[in-house]
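The values are calculated or read from the model by the stated rules, or taken from the named source; none is laboratory data. Note that this is a predicted model, so its numbers are computed, not measured. Note: areas computed on protein heavy atoms with side chains; ligands, DNA, RNA excluded. Shrake-Rupley method; radii C 1.70, N 1.55, O 1.52, S 1.80 Å.
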Amino acid sequence: QVQLVESGGGLVQAGGSLRLSCAASGDIFSINVMGWYRQAPGKQRELVARITTAGSTVYADSVKGRFTISRDNARNPVYLKMNSLKPDDTAVYYCVATDGRSYYWGQGTQVTVSS
C-alpha cells in the first residue's frame with residue numbers, strides 16, 4: 001500500500017505560479033511511475049504530467065512549456081511547478097502513483113486561477 005499527501009494548492013491570479021508537492025509513504029519502493037491528474041467541475045479527470053523512476057516525463061499538450069514535473073530522488077517527493085497559469089487550469093489536482101498493478105491516489109488539492 002502507498003499513501004500520498006498533496007500540498008501547495010491555492011488561489012493565484014492568471015499568469016502566476018504555484019508549486020504542488022506530493023509526499024509518498026508506505027511501500028514506496030514498489031512505485032515505478034508518479035504523476036498528477038486534475039479534474040475541473042463538470043469535466044473528466046485528465047492526466048497533467050507523469051514521471052518514471054528513470055526520469056522520463058510525459059505532459060498533457062495543454063500544459064507543455066508551462067508545467068514541470070520533477071522529483072528529489074527516484075520516487076519521493078514529486079513536484080509540479082506550474083507557471084503562466086490560466087483560468088482553465090482551475091481544478092482539483094491529484095497526485096497518483098502506480099506499481100504497475102494498482103493505482104494510488106492522494107486526496108487532492110484545489111488550484112484556482114482568477115482572471
Carbon and sulfur atoms account, in whole percent of the 1.4 Å probe accessible area of the chain, for 47
Mean accessible surface per residue for the chain, computed with a 1.4 Å probe while every protein chain stays in place, in Å²: 52
